[in-house]
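To start, the structure under review is shown below, and the notes come after it.
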Amino acid sequence: DEERQEVTHTFYTLRQQAEKDNSDPYTALSDFIAPADSGVKDYLGMFACSSGFGLEDVIEECRGNHDDYGIIMAEALADRLAEAIAEVLHQRVRKEDWGYASDESLSLNDLLKVKYDGIRPAPGYPSQPDHTEKLAMWDIMEVEAKTNVQLTESLAMLPAASVSGLYFGGKNSQYFSVGKICKDQLQDYAQRKKMDLKECEKWLSHSLNYEP
(Lines give C-alpha, C1' and ligand atoms only; values in the text may rest on other atoms or scores of the structure.)
Protein backbone atom coordinates (compact mmCIF):
# COMPACT_ATOMS: atom_id res chain seq x y z
CA ASP A 1 0.00 0.00 0.00
CA GLU A 2 1.01 3.66 -0.02
CA GLU A 3 2.53 3.37 3.47
CA ARG A 4 5.24 1.09 2.03
CA GLN A 5 6.05 -0.39 5.42
CA GLU A 6 5.65 -4.11 4.76
CA VAL A 7 7.12 -6.32 2.03
CA THR A 8 4.65 -9.02 1.02
CA HIS A 9 6.28 -10.19 -2.22
CA THR A 10 9.59 -9.69 -3.99
CA PHE A 11 10.24 -9.85 -7.71
CA TYR A 12 13.69 -11.01 -8.75
CA THR A 13 15.49 -10.06 -11.94
CA LEU A 14 18.51 -11.17 -13.95
CA ARG A 15 21.16 -8.89 -15.40
CA GLN A 16 22.79 -9.06 -18.81
CA GLN A 17 26.19 -10.64 -18.38
CA ALA A 18 27.59 -11.53 -21.82
CA GLU A 19 30.43 -9.17 -22.72
CA LYS A 20 29.47 -6.30 -25.05
CA ASP A 21 31.52 -4.62 -27.77
CA ASN A 22 30.18 -1.16 -26.88
CA SER A 23 29.47 1.04 -23.86
CA ASP A 24 25.83 -0.02 -23.48
CA PRO A 25 24.91 -0.83 -19.85
CA TYR A 26 24.33 -4.34 -18.60
CA THR A 27 20.61 -4.13 -17.98
CA ALA A 28 18.17 -5.76 -15.54
CA LEU A 29 14.46 -5.02 -15.16
CA SER A 30 15.12 -3.75 -11.64
CA ASP A 31 16.96 -0.81 -13.23
CA PHE A 32 13.56 0.55 -14.28
CA ILE A 33 12.25 0.90 -10.71
CA ALA A 34 13.39 3.78 -8.49
CA PRO A 35 15.54 2.62 -5.52
CA ALA A 36 13.84 2.68 -2.11
CA ASP A 37 16.28 5.30 -0.84
CA SER A 38 15.71 7.64 -3.80
CA GLY A 39 12.65 9.25 -2.25
CA VAL A 40 10.66 8.53 -5.42
CA LYS A 41 7.39 6.65 -4.95
CA ASP A 42 7.58 4.23 -7.84
CA TYR A 43 5.23 1.45 -8.87
CA LEU A 44 5.31 -1.97 -10.48
CA GLY A 45 2.08 -3.09 -12.13
CA MET A 46 0.95 -6.46 -13.39
CA PHE A 47 -1.85 -8.01 -15.41
CA ALA A 48 -3.26 -11.27 -16.74
CA CYS A 49 -5.89 -11.64 -19.45
CA SER A 50 -7.29 -14.36 -21.69
CA SER A 51 -9.43 -14.89 -24.76
CA GLY A 52 -9.19 -18.67 -24.63
CA PHE A 53 -12.31 -19.61 -22.67
CA GLY A 54 -14.62 -21.59 -24.95
CA LEU A 55 -11.90 -22.14 -27.54
CA GLU A 56 -11.79 -25.89 -26.90
CA ASP A 57 -15.49 -26.14 -27.77
CA VAL A 58 -14.84 -24.37 -31.07
CA ILE A 59 -11.88 -26.63 -31.80
CA GLU A 60 -13.90 -29.76 -31.00
CA GLU A 61 -16.62 -28.63 -33.38
CA CYS A 62 -14.05 -28.03 -36.10
CA ARG A 63 -12.45 -31.39 -35.39
CA GLY A 64 -15.85 -33.07 -35.69
CA ASN A 65 -16.25 -31.44 -39.10
CA HIS A 66 -12.69 -32.45 -40.11
CA ASP A 67 -11.95 -28.74 -40.43
CA ASP A 68 -8.22 -28.51 -39.76
CA TYR A 69 -8.07 -25.00 -41.23
CA GLY A 70 -10.81 -23.89 -38.86
CA ILE A 71 -8.79 -25.19 -35.89
CA ILE A 72 -5.70 -23.28 -37.01
CA MET A 73 -7.68 -20.07 -37.54
CA ALA A 74 -9.54 -20.36 -34.22
CA GLU A 75 -6.31 -20.80 -32.28
CA ALA A 76 -4.59 -17.98 -34.16
CA LEU A 77 -7.53 -15.61 -33.65
CA ALA A 78 -7.67 -16.39 -29.92
CA ASP A 79 -3.94 -15.69 -29.59
CA ARG A 80 -4.27 -12.37 -31.46
CA LEU A 81 -7.28 -11.35 -29.36
CA ALA A 82 -5.38 -12.04 -26.14
CA GLU A 83 -2.51 -9.85 -27.35
CA ALA A 84 -4.98 -7.14 -28.36
CA ILE A 85 -6.58 -7.20 -24.90
CA ALA A 86 -3.12 -6.88 -23.32
CA GLU A 87 -2.35 -3.90 -25.56
CA VAL A 88 -5.62 -2.16 -24.69
CA LEU A 89 -5.06 -2.76 -20.98
CA HIS A 90 -1.55 -1.31 -21.19
CA GLN A 91 -2.83 1.76 -23.02
CA ARG A 92 -5.49 2.27 -20.34
CA VAL A 93 -2.84 2.05 -17.63
CA ARG A 94 -0.70 4.67 -19.37
CA LYS A 95 -3.55 7.08 -20.14
CA GLU A 96 -5.99 6.55 -17.26
CA ASP A 97 -4.99 4.32 -14.34
CA TRP A 98 -1.46 5.63 -13.87
CA GLY A 99 -2.11 8.57 -16.17
CA TYR A 100 1.51 9.39 -16.89
CA ALA A 101 0.70 9.60 -20.62
CA SER A 102 -2.83 11.03 -20.45
CA ASP A 103 -2.27 13.02 -23.66
CA GLU A 104 -0.89 10.05 -25.60
CA SER A 105 -2.28 9.96 -29.13
CA LEU A 106 -0.56 7.35 -31.23
CA SER A 107 -1.49 5.72 -34.51
CA LEU A 108 -1.90 1.96 -34.72
CA ASN A 109 1.43 1.80 -36.53
CA ASP A 110 3.17 3.71 -33.73
CA LEU A 111 1.57 1.45 -31.11
CA LEU A 112 2.89 -1.60 -32.94
CA LYS A 113 6.34 0.02 -33.00
CA VAL A 114 6.11 0.56 -29.19
CA LYS A 115 6.58 4.34 -29.46
CA TYR A 116 5.08 4.91 -26.02
CA ASP A 117 6.70 5.18 -22.60
CA GLY A 118 6.63 2.01 -20.54
CA ILE A 119 6.90 -1.73 -21.16
CA ARG A 120 4.99 -4.89 -20.21
CA PRO A 121 7.57 -7.72 -20.11
CA ALA A 122 6.45 -11.21 -19.18
CA PRO A 123 8.22 -13.88 -17.12
CA GLY A 124 9.56 -16.56 -19.43
CA TYR A 125 10.51 -14.03 -22.12
CA PRO A 126 13.92 -12.46 -22.94
CA SER A 127 13.87 -9.66 -20.33
CA GLN A 128 13.08 -12.16 -17.54
CA PRO A 129 13.43 -15.78 -18.71
CA ASP A 130 12.40 -17.24 -15.34
CA HIS A 131 8.82 -18.55 -15.51
CA THR A 132 8.69 -18.98 -11.71
CA GLU A 133 8.26 -15.22 -11.33
CA LYS A 134 4.65 -15.80 -12.42
CA LEU A 135 3.95 -17.41 -9.06
CA ALA A 136 4.19 -14.09 -7.21
CA MET A 137 1.96 -12.45 -9.82
CA TRP A 138 -0.71 -15.13 -9.49
CA ASP A 139 -0.60 -14.83 -5.72
CA ILE A 140 -0.80 -11.03 -5.57
CA MET A 141 -3.58 -10.70 -8.16
CA GLU A 142 -5.40 -13.90 -7.14
CA VAL A 143 -5.49 -14.64 -10.84
CA GLU A 144 -6.91 -18.15 -10.73
CA ALA A 145 -9.68 -17.24 -8.27
CA LYS A 146 -10.70 -14.09 -10.15
CA THR A 147 -10.23 -15.16 -13.79
CA ASN A 148 -9.77 -18.95 -13.77
CA VAL A 149 -6.56 -18.52 -15.78
CA GLN A 150 -4.41 -21.30 -14.33
CA LEU A 151 -0.74 -22.21 -14.29
CA THR A 152 0.36 -25.70 -15.28
CA GLU A 153 3.22 -27.61 -13.61
CA SER A 154 5.53 -26.08 -16.21
CA LEU A 155 3.99 -22.65 -15.44
CA ALA A 156 2.39 -22.32 -18.85
CA MET A 157 -0.97 -20.54 -18.77
CA LEU A 158 -4.32 -22.25 -19.31
CA PRO A 159 -6.19 -21.35 -21.45
CA ALA A 160 -3.20 -21.14 -23.77
CA ALA A 161 -4.58 -17.98 -25.40
CA SER A 162 -3.63 -15.90 -22.36
CA VAL A 163 -1.16 -13.10 -21.74
CA SER A 164 0.37 -11.86 -18.51
CA GLY A 165 3.17 -9.52 -17.57
CA LEU A 166 4.52 -6.67 -15.50
CA TYR A 167 4.05 -2.94 -16.07
CA PHE A 168 7.00 -0.55 -15.91
CA GLY A 169 6.15 3.10 -16.52
CA GLY A 170 9.55 4.80 -16.51
CA LYS A 171 10.66 6.73 -19.58
CA ASN A 172 13.93 4.81 -19.65
CA SER A 173 12.31 1.37 -19.47
CA GLN A 174 12.88 -0.69 -22.59
CA TYR A 175 12.72 -4.25 -23.83
CA PHE A 176 15.99 -6.19 -23.89
CA SER A 177 17.29 -9.73 -23.77
CA VAL A 178 19.15 -10.99 -20.71
CA GLY A 179 20.99 -13.50 -22.89
CA LYS A 180 23.30 -16.08 -21.38
CA ILE A 181 24.22 -15.86 -17.71
CA CYS A 182 27.15 -17.30 -15.75
CA LYS A 183 27.05 -19.63 -12.78
CA ASP A 184 28.05 -16.88 -10.34
CA GLN A 185 24.94 -14.88 -11.16
CA LEU A 186 22.70 -17.95 -11.04
CA GLN A 187 24.07 -18.88 -7.60
CA ASP A 188 23.34 -15.36 -6.36
CA TYR A 189 19.88 -15.44 -7.97
CA ALA A 190 19.02 -18.80 -6.41
CA GLN A 191 20.20 -17.57 -3.01
CA ARG A 192 18.09 -14.42 -3.24
CA LYS A 193 15.02 -16.42 -4.28
CA LYS A 194 15.75 -19.06 -1.62
CA MET A 195 15.53 -21.65 -4.38
CA ASP A 196 17.62 -24.80 -4.71
CA LEU A 197 20.41 -24.24 -7.24
CA LYS A 198 19.55 -27.36 -9.24
CA GLU A 199 15.90 -26.27 -9.39
CA CYS A 200 16.97 -22.84 -10.55
CA GLU A 201 19.22 -24.38 -13.22
CA LYS A 202 16.26 -26.44 -14.44
CA TRP A 203 14.01 -23.40 -14.92
CA LEU A 204 16.76 -21.34 -16.55
CA SER A 205 18.48 -24.10 -18.50
CA HIS A 206 18.17 -22.24 -21.82
CA SER A 207 19.83 -19.13 -20.36
CA LEU A 208 22.95 -20.74 -18.90
CA ASN A 209 26.37 -20.32 -20.49
CA TYR A 210 27.55 -23.53 -18.84
CA GLU A 211 26.49 -27.16 -18.56
CA PRO A 212 24.90 -27.86 -15.12
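The values are calculated or read from the model by the stated rules, or taken from the named source; none is laboratory data. Model, not experiment: these values are computed from the prediction. Because the Cβ atoms are built from the backbone with ideal geometry, glycine has one as well, and the counts that use them run over all protein chains shown. Quick note on the areas: whole protein, heavy atoms, side chains included, nothing else; ligands and nucleic acids left out. Shrake-Rupley method; radii C 1.70, N 1.55, O 1.52, S 1.80 Å.
I'm trying to understand the selection: among the residues of region 1-59, which are closer than 21 Å to His90 by Cβ, of a type in the set (Ser, Thr, Tyr) and open to solvent by less than 80 Å² (accessible area, probe 1.4 Å)?
Passing the criteria: Thr13, Thr27, Ser30, Ser50, Ser51.
Does Gly118 satisfy the condition of being farther than 22 Å from Ala161 by Cα and either open to solvent by less than 50 Å² (accessible area, probe 1.4 Å) or not acidic (Asp, Glu) (or both)? Reasoning before the result, please.
Working: farther than 22 Å from Ala161 by Cα: yes; either open to solvent by less than 50 Å² (accessible area, probe 1.4 Å) or not acidic (Asp, Glu) (or both): yes.
Criteria met by Gly118.
What tally of residues in region 14-29 results from selecting those that are closer than 19 Å to Lys180 by Cβ and of a type in the set (Gly, Ala, Ser)? Working first, answer last.
The first filter runs over region 14-29 and keeps only residues closer than 19 Å to Lys180 by Cβ, leaving 14-22, 24-29.
Then keep just the ones that are of a type in the set (Gly, Ala, Ser); that gives 18, 28.
Of the residues in that region, 2 qualify.
Residues being at pLDDT below 95 and part of a helix (DSSP H, G or I): count how many of those fall in region 133-181.
The total comes to 0.
Do you know which residues across region 35-55 are under 21 Å from Ala160 (Cα atoms) and in contact (Cβ under 8 Å) with a residue 12 or more places away in the chain? Quick ask: steps written out before the conclusion?
Just the residues of region 35-55 that are under 21 Å from Ala160 (Cα atoms), to begin with: 46-55.
If the condition is that a residue be under 21 Å from Ala160 (Cα atoms) and in contact (Cβ under 8 Å) with a residue 12 or more places away in the chain, then Met46, Phe47, Ala48, Cys49, Ser50, Ser51, Gly52, Phe53, Leu55 are the ones that fit.
What tally of residues in region 124-169 results from selecting those that are touching a residue at least 40 places away in the same chain (Cβ under 8 Å) and open to solvent by less than 30 Å² (accessible area, probe 1.4 Å)?
Number of matching residues: 21.
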